[in-house]
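Structure first, then comments.
Readers should treat all values here as calculations from the given coordinates under stated rules, not as data from a laboratory. Nothing here was measured: the structure is a model prediction, and the numbers come from that model. Using ideal geometry, Cβ is built from the backbone for each residue, glycine included, and neighbour counts are taken over all protein chains shown.
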Ligand SMILES: *Cc1c(COP(=O)(O)O)cnc(C)c1O
């Protein structure tokens, strides 16, 4: 399928366009600088230097050390790596309990499900109606068997940003490891591994205008974990395999060019769109408003209209949005996140997620608002259920 000319892409929580500067930074590593970073000659050294410079950029961005960053193939791998690596390292020491939440990405939830079959005990914490975990419930769930607390930083569906500093404090007090999946929040809100007492952080590139298939796992110095891939001993013997140098260079470039004013720009557009959509009768916001919401996330429940119908209609006008997360939408099961915040099946099916980027303009927001107003009016007229 060839994409139509004018498309307004508002599904940036699923993936983002590669920034031109990112692409430019990557190209030499597919052509003249194609060396293997492990080779002991000038080609190898060139690749090695690019790899280590990239590691430093990513480490600095979260207040970590260079040696604490392991490159992976993305968010899914980093999340699998941390939970499986910790579990297998510690399972014979009576530490088989993992605490997570009901609103994690599928790659955390399905890893946990698999680990349960391997003998792990998992607690899935509830969240409130805005998607926040309850600190007291977390505290109560931690026992002498608890190995790690893994909580998503910015939620990919409803944008809720958890208070990692507070969670980190509890984990420090109780002496358990703390991991966060920060794929959505990275570069959109501050991550400081020291302030937040983090032992592990999952990051990826394709949500921040970098390439697909590359990510990182921050592992705090001194913390022991089993390797995920065994082989030639790359990435501090934790993740063997010839490094994706071009991808890693692009990842670091994406981090380096992200700016605080992008956050301000997106927050402003987000707040405008939310405010205007909520003027339509019968609409509700999913997730919190303001500072504790990802700057690019808008998720609205339209009451008695099928989200799928809204999505299709918007698509016919060249506007691309999503109903639920990209990963779970091929299972057609309704969103576990919206369910966890207490939405009923009708509300879940009438919700759409609009996720903008730093490239989104005021004009695009106005256009989308016009189309949404039109489609809601039209679909409400034909809906059998009146609200
Ligand atoms: C996209 C995403 C992932 C998966 O990352 P991939 O790099 O696509 O494997 C994991 N967690 C969250 C929160 C995400 O948004």
### Task
State, as an integer percentage, the relative contact order of the range 1-131 based on alpha-carbon contacts under 8 Å between residues 6 or more apart.
13 percent
### Task
Over the residues of the range 1-90, compute the C-alpha Rg and express it relative to 2.2 N^0.38 Å.
1.45
### Query
When Rg is the radius of gyration of the Cα atoms in the range 265-361 and Rh is its Kirkwood radius, what does Rg/Rh come to?
0.94
### Query
Can you give the Kirkwood hydrodynamic radius of the range 109-160 from its Cα pairs, in Å with one decimal?
12.5 Å
#### Entry: Equivalent ellipsoid semi-axes - Cα gyration tensor, the range 17-64, angstrom
21, 17, 6
### Summary
Percent antiparallel among DSSP beta bridges confined to the chain, nearest 5, equals 50 percent
### Ordering of 265-277, 285-297 by packing [mean C-beta count within 10 Å, highest first]
285-297, 265-277
### Query
With all pairs of different alpha carbon atoms counted, what Kirkwood hydrodynamic radius in Å does the chain show?
21.8 Å
#### Entry: Principal semi-axes in Å for the range 18-171 [√(5λ), Cα gyration tensor, largest first]
36, 19, 14
### Taking the chain and dividing mean pair separation by its residue count, relative contact order in percent (alpha carbons under 8 Å, at least six apart)
22 percent
### Task
Write down the radius of gyration of the range 106-253 and its Dmax, each obtained from C-alpha positions, in Å.
16.1, 47
